[in-house]
Protein chains: 2
Amino acid sequence: MPGEFDLIRRHFTRPAAHTALAVGDDAALLMPRPGMQLAVSTDMLVAGTHFFPDTDPADLGWKALAVNLSDLAAMGAEPRWAFLALALPAADDAWLAAFADGLFACAQAFGVDLAGGDTTRGPLNLCVTVAGEVPAGQAVTRGGGRPGDEVWISGRPGRAALGLAALRDGLALSADGRAHCLEALHRPQPRVALGLALRGLATAMLDVSDGLAGDLGHILERSCCGAIIDLPALPLAPLLADGAPHDEALRAVLAGGDDYELLFAAPPARHGLVAAMAAHCNLPLHCIGRLTDRPGELLLREADGSLQPPTMTGYDHFAR
Amino acid sequence: MPGEFDLIRRHFTRPAAHTALAVGDDAALLMPRPGMQLAVSTDMLVAGTHFFPDTDPADLGWKALAVNLSDLAAMGAEPRWAFLALALPAADDAWLAAFADGLFACAQAFGVDLAGGDTTRGPLNLCVTVAGEVPAGQAVTRGGGRPGDEVWISGRPGRAALGLAALRDGLALSADGRAHCLEALHRPQPRVALGLALRGLATAMLDVSDGLAGDLGHILERSCCGAIIDLPALPLAPLLADGAPHDEALRAVLAGGDDYELLFAAPPARHGLVAAMAAHCNLPLHCIGRLTDRPGELLLREADGSLQPPTMTGYDHFAR
C-alpha cells in the first residue's frame, strides 16, 4: 500500500496557476490582488450523512469542490484556491484517482488552484475549504435585504431532491427526467458567473443547500424581514416535465436540499437588470415573491390569494 | 437535541477582532493587510487515528487549533484566522462547550479569530484550516537549506511521544516527568514567536509532527541536501530527567510525533543570532547537526564519530 506522501504526490499535485507555493510545504502561500477581500468557506462531507458510501468517486470529487464554490458564488466572490482534507478507511488507488479526476475537473472549470491539504486514515470524510476574492465592500451577504425587495431563485431547483428520491425511495421519473435529476444531484453547477453578475444588484443572497424555505429563513433573520412566496411562481414546470407528481415537485422545490441554486433579493427597480442576467448567464431566473416588514415571518401565497405558513422546512443535521 | 444552527450559535460565536464578516454567512470575509501574502494550512484530526475518543474535549479543542498554528509558525507567518469543520456522532452539549473552551483559549492566546466553519453528523472528525499573514517573499519554506547550514530544533522534543507511551503502553516516568509529557501531548505550544523571529535567519523550516528524522527528510528533499545529525547534541537531558530510559528517550526525540517543535536550518554565520533568539523567545534551541551536499542522505553521528543511517522513521498514516 502506498504511503501518505506518495498518495499526495501522485494524485493531488498538478500545476497551480496563481499560487506562490502550493501542495508540499507546511502551508500554501496565496497572494490576494490589491484591494481584494478574501471570502473563505469550509464544508465537511461525511459518508452516510451527505452521500452514499458507494457514490462514484469522480462525482464525489466534483461535488465536494462544487458545493464550496457555491458558497463563494453566493457572496459574489471569484473562486481562486481550494484546500482538501481527506480521511480514508484505506488507501484505495483507483478510488483516489477517480476522485482526483472529478475534483480537478471542477477546479479547472472554475479556475481554482488546489493549493494544499491533508490526507489521513479514518472513516470516509471530505473537508474542502475554498478561498475567493471580492473587491472590498462588494460582497453580497445575507443581511442586506429590505422590505419590498423581490425574491429570486436561479435554475431548476428541486431536481437534486428528486434524484435522491429516485435513488433512495424508488421515485419514478421519465428516463430523461431521471437523468436530469441525477445529474443535478451528482454534478451540481455552482452559479459562479451569476454570483459575480449580481454584485451591485442583489441586496442579500445565499446558495440553497438545505431547502428553499429553510434557507430563505437565514436571509429573513439576517435582513430582519419577512417574506411572501407566491406558490404559482415557483418553477415546477421542469420537475413536472421530468415526470415528478405535482406534490413531490412542490416539496422538492420548497424543502429539497443539495440544489446549490442562488436565492437572492433585489429591489423591484432592478427587476429588468436582474432578468437580463438570465440571458447573460444562460440560466433561468425566477421571481418568486417579496420581502415584507414582518421579521422572520415566511408565508406562502396560494393561487387563490390565501396565505399560509410553510409546513416543510430545511434539513438540519442534528434535528429530530 | 438542539439543532445545527443553534449549536453553532451557542458554542462558536464569539467576538471577532479582525474579520469583516465571521460565522453566520455563506463565507467569511477577511481583509489581508497590504503587501501581505496569506499562508493557509489545513489539518484533519480523526478519533482513533490522532487521538483517543475519550480525550478531554478541552485539550482536543486546544490541540486541534494549536497543531495548525504550528504550521503557520513553521512558515514564519502570523496567525490571524481559523475555520473549524466538525463531524460529531451526536450533539453532546457538554462535550461541545468544553471543546469550544479549549479552542478559544488557544485562539485567544495567539490572537486568532474563529472566522467560520461547519458542523455535521458523522464519526468524530475535526478539520481546522488556519490563515496567517507573512510579508510577501519572506515566508520560510522547506526548500531554502544549503550544504553547510546548521540544523536546529526548538524546545524539548520527544515529550509528546513519551506521554503517549505512558498512556498507551504504561511507560513509567517520574511524577513530574509524566505531567510534563502529558502536557506536551495534550497542550502543544505552537512556536509562533520563534517562527516570526526566524524570518531572515532560517533558510528552511518545518514543524515536527511526524518525528524529527522523518520530517527532516522533507527539508532534505526540498532543499536538495543531505544531513548529519550529531547524536550527542540531541536534547535528551529533559527526557532523562523526566524518568525515561535512554533508548526510549532517543527513540522519542528521533521518531516521536506530535511535538510541534520547529526544525530549521540556518547558516553558521548566523549561529549567534539564532542562539540569541532562544533568550528572546524563552525557549531552548539546540544545534544538532549540519546539512551536507549529498541529496537525501541522512546520517547519524555517534559519540565516537562513526556514521550510520537512522533505523527509525516518521509516522506515515498509510504505511505498513
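The values are calculated or read from the model by the stated rules, or taken from the named source; none is laboratory data. From a predicted model like this one, the values you see are computed outputs, not experimental measurements. In this analysis, Cβ positions are derived from the backbone assuming ideal geometry, glycine residues included, and neighbour counts consider all displayed protein chains. Protein only, heavy atoms only, side chains kept; ligands, DNA and RNA dropped before computing areas. Shrake-Rupley method; radii C 1.70, N 1.55, O 1.52, S 1.80 Å.
In the stretch A:106-126, what residues are of a type in the set (Val, Ile, Thr) and within 8 Å of chain B (Cβ to nearest Cβ)? Across the stretch A:106-126, the qualifying residues are A:THR119, A:THR120. Checking B:ALA91, B:ALA82 one by one, the residue that is open to solvent by less than 40 Å² (accessible area, probe 1.4 Å) and modelled with pLDDT of 85 or more is B:ALA82 and no other. Taking the numbered list (1) more than 14 Å from every other protein chain (Cβ to nearest Cβ); (2) farther than 21 Å from B:ARG199 by Cα in turn, B:GLY214 passes all entries but (1). Among the residues of the stretch A:130-153, some residue qualifies, meaning at least one is β-branched (Val, Ile, Thr), touching a Phe, Trp or Tyr at 6+ places or on another chain (Cβ under 9 Å) and within 14 Å of chain B (Cβ to nearest Cβ).
Results for (1) surrounded by fewer than 24 Cβ atoms within 10 Å (Cβ to Cβ); (2) closer than 24 Å to A:ALA233 by Cα; (3) assigned by TED's automatic domain parsing to the domain that holds A:LEU263; (4) among the polar types (S, T, N, Q), shown as yes or no for each residue.
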| position | (1), (2), (3), (4) |
| --- | --- |
| A:GLY145 | no, yes, no, no |
| A:ARG159 | no, yes, yes, no |
| A:ALA179 | yes, no, yes, no |
| A:HIS186 | yes, no, yes, no |
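The residue list A:ALA28, A:ALA16, A:ALA20 contains one member that is at pLDDT 85 or above and either touching a Cys at 6+ places or on another chain (Cβ under 9 Å) or not assigned by TED's automatic domain parsing to the domain that holds A:ASP258 (or both), which is A:ALA28.
Would you point out which residue out of A:ARG270, A:ARG251 is open to solvent by 40 Å² or more (accessible area, probe 1.4 Å), over 23 Å from the mean Cα position of the chain (by Cα) and basic (Lys, Arg)?
Just a single option satisfies the conditions, and that option is A:ARG270.
Condition check ((1) under 21 Å from A:CYS281 (Cα atoms); (2) among the hydrophobic types (A, V, I, L, M, F, W, C)) across all residues:
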residue: A:VAL140; (1), (2): yes, yes
residue: A:GLY170; (1), (2): no, no
residue: A:LEU220; (1), (2): no, yes
residue: A:SER223; (1), (2): no, no
residue: A:ALA241; (1), (2): no, yes
residue: A:ASP247; (1), (2): no, no
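Scanning the stretch B:42-61 turns up at least one residue that is at pLDDT below 95 and among the aromatic types (Phe, Trp, Tyr). Just to be sure before I move on: is A:PRO309 without any contact (Cβ under 8 Å) to a residue 24 or more places away in the chain and surrounded by fewer than 20 Cβ atoms within 10 Å (Cβ to Cβ) in the structure I sent? So A:PRO309 passes the test.
The strands (runs of 3 or more DSSP E) found wholly in the stretch B:109-223 and carrying at least 1 residues that are among the small types (Gly, Ala, Ser) and touching a Ser or Thr at 6+ places or on another chain (Cβ under 9 Å) occupy B:113-121, B:125-135, B:204-207. The residues listed here are A:ALA213, A:ALA244; of these, the one that is open to solvent by less than 20 Å² (accessible area, probe 1.4 Å) and over 17 Å from the mean Cα position of the chain (by Cα) is A:ALA244.
Scanning the stretch B:63-105 for residues that are assigned to a loop (DSSP other than H, G, I, E, B), under 15 Å from the mean Cα position of the chain (by Cα) and either facing another protein chain (nearest Cβ under 9 Å) or under 17 Å from B:LEU45 (Cα atoms) (or both) yields a total of 3.
Only residues that are modelled with pLDDT of 95 or more and surrounded by 16 or more Cβ atoms within 10 Å (Cβ to Cβ) were counted across the stretch A:279-297, and they come to 9. Somewhere in the stretch A:45-54, is a residue at the interface with chain B (Cβ under 10 Å from one of its Cβ atoms) and surrounded by 24 or more Cβ atoms within 10 Å (Cβ to Cβ)? Scanning the stretch A:45-54, I find no residue that is at the interface with chain B (Cβ under 10 Å from one of its Cβ atoms) and surrounded by 24 or more Cβ atoms within 10 Å (Cβ to Cβ), so the answer is no. Of the residues examined, B:ASP230 is not one that is within 25 Å of A:ASP25 (Cα to Cα), surrounded by 15 or more Cβ atoms within 10 Å (Cβ to Cβ) and assigned by TED's automatic domain parsing to the domain that holds B:GLY177. So which of A:ALA97, A:ALA115 ends up being at pLDDT below 95, open to solvent by less than 10 Å² (accessible area, probe 1.4 Å) and under 17 Å from A:PHE12 (Cα atoms)? Within the list A:ALA97, A:ALA115, the selection yields A:ALA115.
Restrict the check to the stretch B:137-149 and report whether at least one residue is under 17 Å from the mean Cα position of the chain (by Cα) and basic (Lys, Arg). Yes; the residues of the stretch B:137-149 include at least one that is under 17 Å from the mean Cα position of the chain (by Cα) and basic (Lys, Arg). Within the stretch B:67-79, the only residue that satisfies the criterion of being surrounded by 24 or more Cβ atoms within 10 Å (Cβ to Cβ) and among the acidic types (Asp, Glu) is B:ASP71. Scanning the stretch B:100-112 for residues that are open to solvent by 10 Å² or more (accessible area, probe 1.4 Å) and not hydrophobic (A, V, I, L, M, F, W, C) yields B:ASP101, B:GLN108, B:GLY111. Give the stretch A:24-51 a look and list any residue that's free of Cβ contacts under 8 Å to residues at least 60 places away in the same chain, more than 30 Å from A:ALA184 (Cβ to Cβ) and assigned to a strand (DSSP E or B), or say none. Hit for the stretch A:24-51 is A:LEU29, nothing else.
Selection over the stretch B:125-143 of residues that are charged (D, E, K, R) and open to solvent by 10 Å² or more (accessible area, probe 1.4 Å) gives a count of 1.
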